[in-house]
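Enquirer: Pasting a structure below so you can have a look.
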Amino acid sequence: MYAEERQQTIAALVADRGRVSVTALAEEFGVTTETVRRDLAVLERAGMLRRVHGGAVPAGALTYVETALGERHGTRSEQKRKMAAAALDLLPAPDGSLLLDGGSSTAALAEILPSDRRLLVATHSVPIAARLAAAPGVDLHVLGGRVRGITQCAVGERAVATLADLRVDVVFLGTNGMTPEHGFTTPDEAEASVKRAMIRAAQKVVVLADSSKLGREHLVRFATPADVDVLVTDAEAAPADLARLEDAGIEVVVA
């Protein structure tokens, strides 16, 4: 395969997978890692991708642009339903407590919380709170604060201060991006502050994130791999990416 053909194929893989690693590409094409790095440099100069530590991501992957909640609810819905079903095994025992972060993946979990198990559920998400307000078996606590229209979640000092006084069994978080090297990221600092406070409030930290989030980095990091106990993702995630997350100490559940 000529260099130009290999580079075109690499660009297509980055667009399809969301992230590729240098070592995986070297094995796939039977070339050295140095050759792959030169290919990535050529493609980055052409604006076709962005190099990151250990590999490459799409050119627009590192961003502060945020997708509205309504748009996210309509994407990858089947994967999110499967992830939510898998996350049921991570719920606390009856009379346990949990935090639900805002987002479409955590909303999918809220939709199927068991009705035969008493649970204390705290959330800063207006849509999730509305869904659980009359749910049988749920003792609902809503965190206050300024509500961001784009995510429909309460943020700010009031939400963070309330979380400082809480201690729950498990938190289920969403994320906009994640990499084994940098961790878990989101475009907004206020959202990141609440997520950090949720992590501090929980004995166990679970992230629900479909495979499109793998390899993406956003403006603000809210967790390192060491902060997260379990990642629940879908079967489209690249095995090499999941192996690297496991090497970083995260238990990976594939739905």
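The values are calculated or read from the model by the stated rules, or taken from the named source; none is laboratory data. Computed from a predicted model, the values in this text were never measured in an experiment. Using ideal geometry, Cβ is built from the backbone for each residue, glycine included, and neighbour counts are taken over all protein chains shown. Side chains are part of the model used for accessible areas, which takes the heavy atoms of the whole protein and leaves out ligands, DNA and RNA. Shrake-Rupley method; radii C 1.70, N 1.55, O 1.52, S 1.80 Å.
Enquirer: Given Cα pairs under 8 Å that are at least 6 residues apart, what percent is the relative contact order of the chain?
Expert: 17 percent
Enquirer: May I pose another question? Using a cut-off of 11 Å between beta-carbons, work out the net charge of the residues near A56 (Lys and Arg +1, Asp and Glu -1, A56 not included).
Expert: +3
Enquirer: Go ahead and estimate [θ] at 222 nm for the chain from helices alone: -39,500 (n - 2.57) per DSSP H run with n ≥ 4, summed, over the residue count, rounded to 500.
Expert: Calculated from helices alone, the mean residue ellipticity at 222 nm is -11000 deg cm²/dmol.
Enquirer: Still on this structure, please answer the following. Could you order peptides 161-174, 42-55 by the average number of other Cβ atoms within 10 Å of their residues, highest first?
Expert: 161-174, 42-55
Enquirer: Under a Cβ-Cβ cut-off of 13 Å, what is the net charge of the residues other than S193 that fall near it, where Lys and Arg count +1 and Asp and Glu count -1?
Expert: Taking every Cβ under 13 Å from that of S193, the sum is +2.
Enquirer: Right, next: Hey, got a sec? Which GluC sites (Glu not before Pro) in segment 213-255 land in a DSSP loop and have at most 15 other Cβ atoms within 10 Å?
Expert: Loop-located and lightly packed - E236.
Enquirer: Oh, and also: Straight distance only, please: which lysines reach the Cα of K213 with their own Cα at less than 17 Å, same-chain residues fewer than 8 apart left out?
Expert: Within the straight-line cut-off, K213 pairs with K80, K82, K195.
Enquirer: Continuing with this model, one more query. So, for the chain, what is the accessible surface per residue at a probe of 1.4 Å, expressed in square angstrom?
Expert: Dividing the accessible area of the chain by its residue count gives 45 Å².
Enquirer: Something else about it: At a 1.4 Å probe, what is the % contribution of carbon and sulfur to the accessible area of the chain?
Expert: 50 percent
Enquirer: Related question: Of all DSSP beta bridges located in the chain, what percent are antiparallel, nearest 5?
Expert: Taking every DSSP beta bridge with both residues in the chain, the antiparallel ones total about 35 percent.
Enquirer: A follow-up question, please. Counting DSSP beta bridges in segment 105-255, what percent are antiparallel, to the nearest 5?
Expert: If I count the DSSP bridges inside segment 105-255, around 35 percent turn out antiparallel.
Enquirer: How high is the relative contact order of segment 71-128, in percent, counting Cα pairs under 8 Å that sit 6 or more residues apart?
Expert: Relative contact order, segment 71-128: 39 percent.
Enquirer: While we're here: Once you list every other residue whose beta carbon is under 14 Å from the beta carbon of G144, what net charge do they have if Lys and Arg are +1 and Asp and Glu are -1?
Expert: +1
Enquirer: Treating the beta-carbon of each Lys and Arg as +1 and of each Asp and Glu as -1, no other charges, what is the dipole magnitude of segment 70-254 about its Cα centre, to the nearest 20 debye?
Expert: The dipole of segment 70-254 has a size of about 460 debye.
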